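All remarks here apply to the structure that follows.
We did not get these values from a lab; they are worked out from the coordinates using the rules stated. Owing to the predicted nature of the structure, the values given are computational and were not obtained by experimental measurement. Every residue, glycine as well, gets a Cβ built from its backbone with ideal geometry; the counts of neighbours run over all protein chains shown.
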Amino acid sequence: MREPYGDHEDQFGELTLPEGASAADPAPVAVLLHGGFWVREYADLAPTRPLARDLADRGWAAWNVEYRRLGGGGGWPATATDVSTAVDHLRALRDRGVPLDLDRVVTAGHSAGGHLALLDGARDPSDAAVRVRALVALAPLTDVRTAHGRDAESARIVERFMGGTPAADPDAYARASPVERVPLGVPQLLVHGALDDAVPAAVIDAYVAAARDAGDAVTLERPERQGHFDLIEPGTEAWSTAVAWLHRHR
């Protein structure tokens, strides 16, 4: 079921319901957020469709979200706002009779999608029509300043996303960096493959340390023999770990 949550062509999601969901037995919801460094040409929600099917087979309603990206109206803060609007749109779906349990909503994001999942988790609960109860961040981007300083190509993309350099708008970089938004106040699982060459281990470790120091309940899993894209392959150790953790928090 394709459902728009805004007027832009990229403001939509695909909802996959599990068998047996009903008004008497509504399904818990997993919001899926794909990666691609926020760039329209790099990725769309196709890579997360197999995850949606896998989650629906396990009893979840999967809300696979597209959002505006660079090259299609995206950037800071529009891209992050899209994700939160898509999460809140679950209430409109429920109010139309779709059997969703909004007390059991979680998010799972990969790479740039993990960045967006963490930022949605950082929302003030009073500003959220739907508050997630837990989130999984798979090899997430946790610090846009660090991403900007990694190499020339990363700096170019981050500056496009942020609309300038860290020196030009340090406050925006702080708001866009989950590591500077902790505590989120929701349980988090971070999964980072030991063979990931896209997201440095030190960046993940710094986020986990900061979140724990701030009082968040954060679990870190670092499966061996898993690279950046293995994390979104059903059946891998990384995805199985994520699903098991989500089941414990639904």
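Quick one: Karplus J couplings for segment 105-118, per residue in order, coefficients 6.51, -1.76, 1.60, θ = phi - 60°, nearest Hz, x for Gly and Pro?
Per residue, the Karplus-derived 3J(HN,Hα) values read 10, 10, 10, 9, x, 10, 6, 4, x, x, 4, 5, 5, 5 Hz.
Using only the Cα atoms of segment 8-56, what do you get for the radius of gyration and for Dmax, in Å?
13.2, 42
Using the charge dipole of segment 5-86 (Lys, Arg: +1 at Cβ; Asp, Glu: -1 at Cβ; taken about the Cα centre), state which of ALA56, TYR5, LEU45 has its Cα farthest towards the positive end.
Farthest along the dipole direction, towards plus: LEU45.
Would you mind getting the Kirkwood hydrodynamic radius of segment 68-179 from its Cα pairs, rounded to one decimal in Å?
14.8
Mind putting a number on the dipole of segment 166-224 about its Cα centre? Charges go on the C-beta only, +1 for Lys and Arg and -1 for Asp and Glu, and I need it in Debye to the nearest 20.
With only Lys, Arg, Asp and Glu charged at Cβ, the dipole is about 180 debye.
What per residue convex hull volume, in Å³, do the alpha-carbon atoms of segment 124-194 yield?
Residue-normalised Cα hull volume stands at 115 Å³.
Working from the alpha-carbon coordinates of segment 51-99, get Rg over Rh, Rh being the Kirkwood radius.
Radius of gyration over Kirkwood radius for segment 51-99 works out to 1.08.
Sort 102-112, 146-156, 43-53 for me by packing, meaning the mean count of neighbouring Cβ atoms within 10 Å per residue, highest on top.
Packing order, densest peptide first, comes out as 102-112, 43-53, 146-156.
Taking a cut-off of 16 Å, what percent of all Cα-Cα pairs in segment 143-250 are separated by more than that?
Percentage above 16 Å: 64.
If you build the convex hull over the alpha carbons only and average its shadow over all orientations, what do you get for the chain? Give it in nm² to one decimal.
12.3
Under a point-charge model restricted to the Cβ atoms of Lys and Arg (+1) and Asp and Glu (-1), what is the dipole moment magnitude of the chain relative to its Cα centre, in debye to the nearest 20?
About 320 debye.
Computed over the Cα atoms, what is the radius of gyration of segment 78-123 divided by 2.2 N^0.38 Å, N being its residue count?
1.21
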